[in-house]
Amino acid sequence: MLYYSTNKQVEGIGLSEAVIKGLADDKGLFMPNYIPVLPDMFYRNIDKQAFRDMAYTVAYMLFGEDVHANMLKMMVNDTLNFDVPLVKVTDRIFSLELFHGPTLAFKDVGARFMSRMLSYFIQRQDERRDVNVLVATSGDTGSAVANGFLDVEGIHVYVLYPKGQVSPVQESQFTTLGRNITALEVEGSFDDCQALVKAAFLDDELNKAMQLTSANSINVARFIPQAFYYFYAYAQLKMISEEAAANMVVCVPSGNFGNLTAGLIARRMGLPVKRFIAANNRNDIFLEYLQTGEYKPRPSVPTLANAMDVGNPSNFARILDLYGHSHEAIRAEISGYRYTDEQIAGTMRTCRAETGYVLDPHGACGYQALQDGLQAGEYGVFLETAHPAKFVETVSSILNEDIELPEKLVEFMKGEKQTVPLTADFEAFKAYLLSKA
Ligand SMILES: *Cc1c(COP(=O)(O)O)cnc(C)c1O
């Protein structure tokens, strides 16, 4: 399979190059040349398959030409070593719990898969060079990437995070690992961290001295594997009710829109999703686009669902590309909702009181958008993107109850914090990286 750039100045790129580079030379995002469709038989029998087997079939269609079958199977099995259950919340609304992985958030899937695929391609380079992954985080991405890449051969990860602005639970998940993971504690904001990473990717001297790449959802190896669990959601709903599966609407709490875009890919592969709903917090640039046809990025504002605080979603370019830039075509398949912090808190309380289910602030946007958007005869699945305990302070104060920390989180909290302090000055960051080259 070859890949082209959404900016259309680059085409015919192999998977290996697309994964190692992350972004195309014309600054566009890589897309597969075609999206293979799975046969009807696959969908008829999908509810009789194990998650890993169906994921392998999907992975094989997309990556089978470029990765040896045994290795691909290992990548899938290694990634999906935890369950993704579909839990009934109301008569017509189901939660796909994506938070049973090592860092209790859906990003574990993409991060683990990408680390293994990147390592595979590094080891096959003509002239082998290690790769340095730079990642700026406000919490969730750093923990998923650090844990996904821990001890993976040929890769060193640098996590940049704003000092004092990440919750203790989140901080512990990337500062206590050591080995090939270095946490850089930056005297500054998340935007400063992101600016440092961007400047590093643009710096010629640095890029000559060391191979740098990004691990956010611009990378095809991170974003595409997120399609796997959409198939599994459908399979589980089909087991519950054929009628529900035939009328499945999927709602995705969205920030950079990598997760939703993976769902669109799954649908193009033939998965019978009736339509999608994008749930946003106050950062509602996408909803505005749906309503007006105009895309106007703006700086993000902080909200309770902070992993969705994105003012210029990077995967918007992929959505435009998938629909040939047609606003009408996009609107026909995706609708949107937005919620303020007060509404998010209200939803969490109401859902807890009426159903017993504990939502995290991101999942709350998804659940509420289904409450507001489901039409007669439709059944809704929302992606519960993080475990409520990841936002323990927020969730326990909104619900006014204690939230138990899962064992995995308690273990992280016991580790010793190791960080390198940095100022938000690029020259200092560059000098530090060069000293490691
Ligand atoms: C990253 C994240 C999101 C947003 O996902 P995108 O793929 O960027 O749209 C939503 N919820 C949680 C908990 C996240 O960590």
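With the convex hull drawn over the C-alpha atoms of segment 1-43, the volume per residue is 80 Å³. Two numbers describe the Cα atoms of the chain: Rg and Dmax, which are 20.6, 62 Å. Within straight-line reach of LYS8, meaning a Cα separation under 15 Å, sit the following aspartates and glutamates at least 8 residues removed in sequence or on another chain: ASP25, ASP26, ASP321. Helix-only arithmetic for the chain: the sum of -39500 (n - 2.57) across DSSP H runs with n ≥ 4, divided by the residue total, places the mean residue ellipticity at 222 nm at -13000 deg cm²/dmol. Working from the Cα coordinates of segment 388-437, the gyration tensor eigenvalues give, after taking √(5λ), semi-axes of 37, 15, 7 Å in decreasing order. Short to long, the 10 Å bins of the Cα pair-distance histogram for segment 218-264 hold 27, 46, 23, 4 percent of all pairs. Mind listing which GluC sites (Glu not before Pro) in segment 369-437 are in a DSSP loop and have 13 or fewer other Cβ atoms within 10 Å? Answer in residue order: GLU401, GLU404, GLU416.
Each principal axis of segment 48-127 carries a Cα extent, and these read 55, 28, 16 Å when sorted largest first. Each Cα pair of segment 231-302 feeds into the Kirkwood radius, which the Stokes-Einstein equation turns, at 20 °C and 1.002 mPa s, into a diffusion coefficient of 156 µm²/s.
Bridges between two residues of the chain, per DSSP, are antiparallel at a rate of about 20%. What shape does segment 324-417 have by the C-alpha gyration tensor, where a ≥ b ≥ c are the square roots of the eigenvalues, rounded means a/c under 1.5, and otherwise prolate means a/b greater than b/c and oblate the rest? In terms of gyration-tensor shape, prolate. Semi-axis lengths, largest first, of the ellipsoid equivalent to segment 266-367 are 26, 18, 11 Å, with √(5λ) applied to each eigenvalue of the Cα gyration tensor. Straight-line cross-link partners of LYS107 among the lysines, defined as a Cα under 26 Å from its Cα and at least 8 positions apart when in the same chain: LYS21, LYS27, LYS73, LYS88, LYS163, LYS198, LYS238, LYS274, LYS390, LYS408, LYS414, LYS417.
Accessible surface calculations at 1.4 Å, restricted to protein heavy atoms, place the chain at 39 Å² per residue. When only alpha carbons are used to place a centre, segment 29-72 and segment 169-211 end up 33 Å from one another.
Distances between every pair of Cα atoms in segment 1-86, grouped in 10 Å steps from 0 to the bin holding the largest one, split as 16, 37, 32, 15, 1 percent.
Over all directions, the projected convex hull of the C-alpha atoms in segment 44-194 averages 11.7 nm² in area. Phi-derived couplings, Karplus 6.51 cos²θ - 1.76 cosθ + 1.60 at θ = phi - 60°, listed residue by residue for segment 354-370: 8, 10, x, 7, 9, 9, 8, x, 6, x, 4, 4, x, 4, 5, 5, 6 Hz, with x used for Gly and Pro.
The values are calculated or read from the model by the stated rules, or taken from the named source; none is laboratory data. All values derive from a computational prediction rather than experimental measurement. Ideal geometry is used to build each Cβ from the backbone, glycine not excepted, and the neighbour counts take in all protein chains shown. What goes into the accessible areas is simple: the full protein's heavy atoms, side chains included, and nothing from ligands, DNA or RNA. Shrake-Rupley method; radii C 1.70, N 1.55, O 1.52, S 1.80 Å.
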